[in-house]
Amino acid sequence: MGYRIGVDVGGTKILILLCREDGAILESRKFASKADKGPRKVMDLICRNLEEILRQQSISWEEVDGLGICVAGFYHMPTGRIISSPNMPGWEGISLTENLGPILHVPLLVENDVNAAAYGEYLFGAGRGKNNILLFTMGTGIGGGLVVNGSIFRGSAGFAGEIGHLPVLPGGPLCGCGRRGCLEALSSGAAIAREGRKLFRENRAGILHEMVKNEEDLEAPHIFKAAEQGDEGALKIIDRAAYYLGLALAAAVNLLNPDVIIAGGGMSQGGHLILTPAESYLRQAAVKPAVEEVEIVPAVLGEKAGAWGMLGLLLPTNEKMGDCL
Ligand SMILES: [Zn+2]
């Protein structure tokens with residue numbers, strides 16, 4: 001029987017799914033990526049864990065039909081090289097195929113992590129039965145992936161779907177990509193934390209001072225918590241983030257007319273505070289016929305969406321896959 005392996009490499013963790021031909025998941029393993037130690041270390045960890053999993057399952061590399069790895073960052077499809085990765089230092093110009101291919105002796109497929117997650121949700125998750133989906137993930141940053149007519153839409157080189165870097169406020173705050181006013185610089189977890197720290201400095205009597213002692217300890221979940229308790233300053237921060245998210249989604253809806261928008265990432269879980277107002281801003285800002293049809297739904301595959309997407313991409317036909325839910 002053949003096997004396929006999906007790997008999701010992120011800034012903090014790596015997730016591996018080993019799947020049998022009949023769709024059964026034999027192993028799901030998560031471990032720290034140690035990305036701060038550079039690409040060599042990360043690739044080493046991937047290889048070591050793969051070897052160990054196969055050994056434990058008594059599977060040889062000859063029985064593995066395909067290995068799919070998705071990575072966080074700008075992945076240049078035509079050359080197979082990672083251009084840059086915001087949370088993984090030192091990956092500029094790295095080719096996973098060149099580095100891992102000769103060691104692993106197995107057909108290797110590489111993809112951007114959010115593209116893979118979008119495909120995973122499309123095949124096995126919240127996008128099942130739909131043809132055109134937009135996935136956005138909200139965490140420290142904001143990622144995006146598109147499935148158009150049942151295939152990942154990559155654009156000419158693999159960079160399509162980057163909703164986090166849609167410019168929504170000319171001259172706005174500096175983004176990790178080096179430009180100003182991107183959605184990510186206004187609505188991401190990092191942006192909400194930044195605004196929260198500003199509030200912390202300005203309002204000495206505020207609720208945030210009951211939560212943390214030092215400004216540096218303040219993260220986005222504190223702001224959400226404060227907003228839940230009715231703190232006006234926190235509510236304002238979240239409403240502003242929701243407004244720009246709604247604008248970016250409206251631009252995406254007008255351009256792409258998706259069937260469904262899937263909200264993923266850590267922040268979207270407790271994110272009714274931001275997603276509900278974002279949806280109403282979206283409905284105000286997008287063209288009516290396109291936005292009337294679209295719904296925003298939560299992602300269902302969680303942190304495994306990328307690895308599931310890679311398993312899906314490795315399949316000659318999708319029907320063979322089992323139901324993972
Ligand atoms: Zn940007």
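Quick notes on this structure:
- All positions within the stretch 96-135 that are out of contact with any strand residue (DSSP E or B) (no Cβ under 8 Å at 6 or more places or on another chain) and among the basic types (Lys, Arg): ARG128
- Pairs are defined by a Cβ separation below 6 Å, a sequence spacing of at least 6 or placement on different chains, a first member in the stretch 35-52 that is within 13 Å of LEU100 (Cα to Cα), and a second member that is among the aromatic types (Phe, Trp, Tyr); the pairs so defined are PRO39/TRP91.
- In the stretch 155-178, the residues that are in contact (Cβ under 8 Å) with a residue 40 or more places away in the chain form Cβ pairs under 8 Å with partners that are away from the ligand (no atom under 11 Å from the Cβ) and hydroxyl-bearing (Ser, Thr, Tyr), at six or more places apart or across chains, as follows: GLY158/TYR75; VAL168/TYR244; LEU169/TYR244.
- Here the condition is being open to solvent by less than 80 Å² (accessible area, probe 1.4 Å) and not β-branched (Val, Ile, Thr); of GLU279, GLU303, GLU292, it holds for GLU279 alone.
- Residue match in the stretch 253-261 (condition: outside any helix (DSSP H, G or I), out of contact with any strand residue (DSSP E or B) (no Cβ under 8 Å at 6 or more places or on another chain) and either free of Cβ contacts under 8 Å to residues at least 60 places away in the same chain or open to solvent by less than 10 Å² (accessible area, probe 1.4 Å) (or both)): no
- First in the stretch 69-83 and at positive phi, second anywhere and polar (S, T, N, Q) and open to solvent by less than 40 Å² (accessible area, probe 1.4 Å), Cβ under 9 Å, 6 or more apart: GLY73/SER84; GLY73/SER85; GLY73/ASN112; GLY80/SER95
- Residue in the stretch 183-220 that is nearest to the ligand (Cβ to nearest atom), counting only those that are open to solvent by less than 50 Å² (accessible area, probe 1.4 Å) and among the polar types (S, T, N, Q): SER188
- Reported count of residues in the stretch 265-298, each being small (Gly, Ala, Ser) and at pLDDT 95 or above, is 4.
- In the stretch 132-166, the qualifying residues are those that are farther than 18 Å from MET267 by Cα and within 14 Å of the ligand (Cβ to nearest atom), and the one that is surrounded by the fewest Cβ atoms within 10 Å (Cβ to Cβ) is PHE159.
- Test set (1) surrounded by 22 or more Cβ atoms within 10 Å (Cβ to Cβ); (2) within 16 Å of the ligand (Cβ to nearest atom); (3) free of Cβ contacts under 8 Å to residues at least 60 places away in the same chain - VAL110 fails condition number: (2)
- Picking from residues in the stretch 167-182 that are more than 8 Å from the ligand (Cβ to nearest atom) and touching a Pro at 6+ places or on another chain (Cβ under 8 Å), the one that is least open to solvent (accessible area, probe 1.4 Å) is GLY181.
The values are calculated or read from the model by the stated rules, or taken from the named source; none is laboratory data. Computed from a predicted structure; not experimentally measured. Every residue, glycine as well, gets a Cβ built from its backbone with ideal geometry; the counts of neighbours run over all protein chains shown. Side chains included, ligands, DNA and RNA excluded: accessible areas come from the protein's heavy atoms. Shrake-Rupley method; radii C 1.70, N 1.55, O 1.52, S 1.80 Å.
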